[in-house]
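Trainee: Below is the structure I would like to discuss, written out as structure tokens.
The values are calculated or read from the model by the stated rules, or taken from the named source; none is laboratory data. Keep in mind that what you see is a predicted model, and the values were worked out from it rather than measured. Glycine gets a Cβ as well: all are built from the backbone with ideal geometry, and neighbour counts include every protein chain shown.
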Amino acid sequence: MSDFESQLRAASLRVTQPRLAVLAALRDHPHVDTETVIALVRAELPTVSHQAVYDVLRALTGAGLVRRIQPAGANARYESRVGDNHHHVVCRSCGAIADVDCAVGHTPCLTASDDHGYVIDEAEVVFWGICPDCAAEPHRNDPRARKASR
């Protein structure tokens, strides 16, 4: 039995080819949007419908096997890295996303100054900047050039 099959069964989900294909796509291509997931799944299962992939993403997210992230101003993205409260860094220029492990030790920014009575169990931090590829292109370092190219 594959690891994906075990994950699906542990989450009380039926093992189906579309679910296995989505999990494999997200393992190999983290932080992709829905359209990319559909294209990746269709490379393996050409007859799968858009709606089937949407339904699979919703089921896997609801079961905690997939995480949906949506940085401000961006389409929703999906990843299979779950359960570790990691964060993300997003490139302001090209939109690339990378994982950032949760800070360890003293982390005052992750402790709410006023929790308003909430029982806080997770913090979501998004770091913004320019990725190495975009930083290597001189015109992308200039915010005026970025605005002009949009």
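Trainee: Take the residues in region 125-148 that are surrounded by 10 or more Cβ atoms within 10 Å (Cβ to Cβ) and of a type in the set (G, A, S), then tell me which one is modelled with the lowest pLDDT.
Mentor: Once the filter is applied, the top-ranked residue is A145.
Trainee: Taking region 47-64 as the search range and keeping residues that are hydrophobic (A, V, I, L, M, F, W, C) and within 17 Å of the chain's Cα centre (by Cα), which one is surrounded by the fewest Cβ atoms within 10 Å (Cβ to Cβ)?
Mentor: A63
Trainee: Under 6 Å between Cβ atoms, at least 6 apart or on separate chains: pull out the pairs that start in region 15-32 with a residue that is in contact (Cβ under 8 Å) with a residue 12 or more places away in the chain and end on any residue that is part of a loop (DSSP other than H, G, I, E, B).
Mentor: These pairs meet every condition: Q17/L45; P18/V48; A21/L45; L26/S80; R27/S80.
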